[in-house]
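Contents: one structure, followed by commentary.
The values are calculated or read from the model by the stated rules, or taken from the named source; none is laboratory data. Values in this document were obtained by computation on a predicted structure and should not be read as measured data. Here the Cβ positions follow ideal geometry from the backbone for every residue, glycine too, while neighbour counts run over all protein chains shown. Protein only, heavy atoms only, side chains kept; ligands, DNA and RNA dropped before computing areas. Shrake-Rupley method; radii C 1.70, N 1.55, O 1.52, S 1.80 Å.
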Amino acid sequence: MPELPEVESLRRILTRSAVGRTIVGARIGKLPLRRRVVPDFGALIAGRTIERISRRAKYLMIELSGDSIILAHLGMSGSLTHRHGGFDAREFDVKHDHLEFALDDASRLVYNDPRRFGMVRLISRDDLAVIAELKGIGPEPLSRDFNADYLAAQARGKKVAIKNLIMDQRIVAGVGNIYASEILFHAGVRPTRRAGRVKRAEIDLIVEFTPKVLRAAIGSGGTTFRSYRDSRGRPGAFSKRLMVYGREDEPCYVCGTPIRNVVVGQRASFYCPKCQR
Ligand SMILES: [Zn+2]
């Protein structure tokens, strides 16, 4: 499942290739996504120029001229790729290619989502403050709003596991299973610890390593997933730099102890029993 680094990597790639282009048409596939795409979507966006591509949590926001925004969430398996060539009916897979936008340089943006948990909707700039999808999302982990005083206040008295706390989108935006595991390894904190029992010095380390881990992942184009590919169709390179995630029974890179996998909040959680207390 794409997390913040994957969406941010995609945002940077699309910013370089698609900003400044004008949308000349759209095609909508047959199967519905988590939320049905409105039938006049194509007519509503045709002729609008992509002015900026931004991100909030795991949502990509394609900002168009005329104060319209295409809000996209990749769900579990979605991808958004920028491909050469305009519309070609033979290539459009109505089963999986849910949405295509033709651009004025004879290229197209293709939104593809085999598992259909994703979402694409057109909103106005005024909607940003009120729509349900973005309401209640916590601070961006790369911003100053995510700091040790804030996280310590959020953790105080909580019985929930620290890993679940930092995966809670209301606490901090965009951190999922992979990066929560990695951040806690670097901070030396076991994922199963009760959030309220994590010491202030450890909270400081979690807050210190959160942006470090996320920035390193963004720099590598994210992590490889079963279905995730970046906008140029390449798998992310960060999988080679994962310290614990997906490494059950393999030796810890720091101390050699086999990495353990425990279920926390119904999610596989990897940690080193020696490095993480
Ligand atoms: Zn270790």
Filter pass, Lys159 being within 24 Å of Leu60 (Cα to Cα), loosely packed, with under 14 Cβ neighbours inside 10 Å and touching a helix residue (DSSP H, G or I) at 6+ places or on another chain (Cβ under 9 Å): no
Would you pick out the residues in the range 234-262 that are aliphatic (A, V, I, L, M) and more than 22 Å from the chain's Cα centre (by Cα)? Val254, Ile259, Val262
Taking the range 101-116 and keeping residues of a type outside the set (Val, Ile, Thr) and in a strand (DSSP E or B) leaves Phe101, Ala102, Leu103, Ser107, Arg108, Leu109, Tyr111, Asn112
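Yes or no, residue by residue, for (1) open to solvent by 20 Å² or more (accessible area, probe 1.4 Å); (2) assigned to a loop (DSSP other than H, G, I, E, B):
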| residue | (1), (2) |
| --- | --- |
| Leu122 | yes, no |
| Gly138 | no, yes |
| Arg144 | yes, yes |
| Asp149 | yes, no |
| Ile166 | no, no |
| Arg170 | yes, yes |
Note on the range 8-27: residues open to solvent by less than 30 Å² (accessible area, probe 1.4 Å) and part of a helix (DSSP H, G or I) are Glu8, Ser9, Leu10, Ile13, Leu14, Ala18
Only one of Ile178, Ile131, Ile206, Ile123 that is touching a helix residue (DSSP H, G or I) at 6+ places or on another chain (Cβ under 6 Å) and not basic (Lys, Arg): Ile206
The number of residues in the range 262-277 that are in contact with a Lys or Arg (Cβ under 9 Å, 6 or more places away or on another chain), within 14 Å of the ligand (Cβ to nearest atom) and open to solvent by 40 Å² or more (accessible area, probe 1.4 Å) is 1
Please specify each residue of the range 167-181 satisfying the condition of being touching a Phe, Trp or Tyr at 6+ places or on another chain (Cβ under 6 Å) and at pLDDT 95 or above. Val172, Ser181
May I ask you to list the residues in the range 52-82 that are exposed (fewer than 15 other Cβ atoms within 10 Å of the Cβ) and in contact with a strand residue (DSSP E or B) (Cβ under 8 Å, 6 or more places away or on another chain)? Arg52, Ser54, Ser65, Asp67
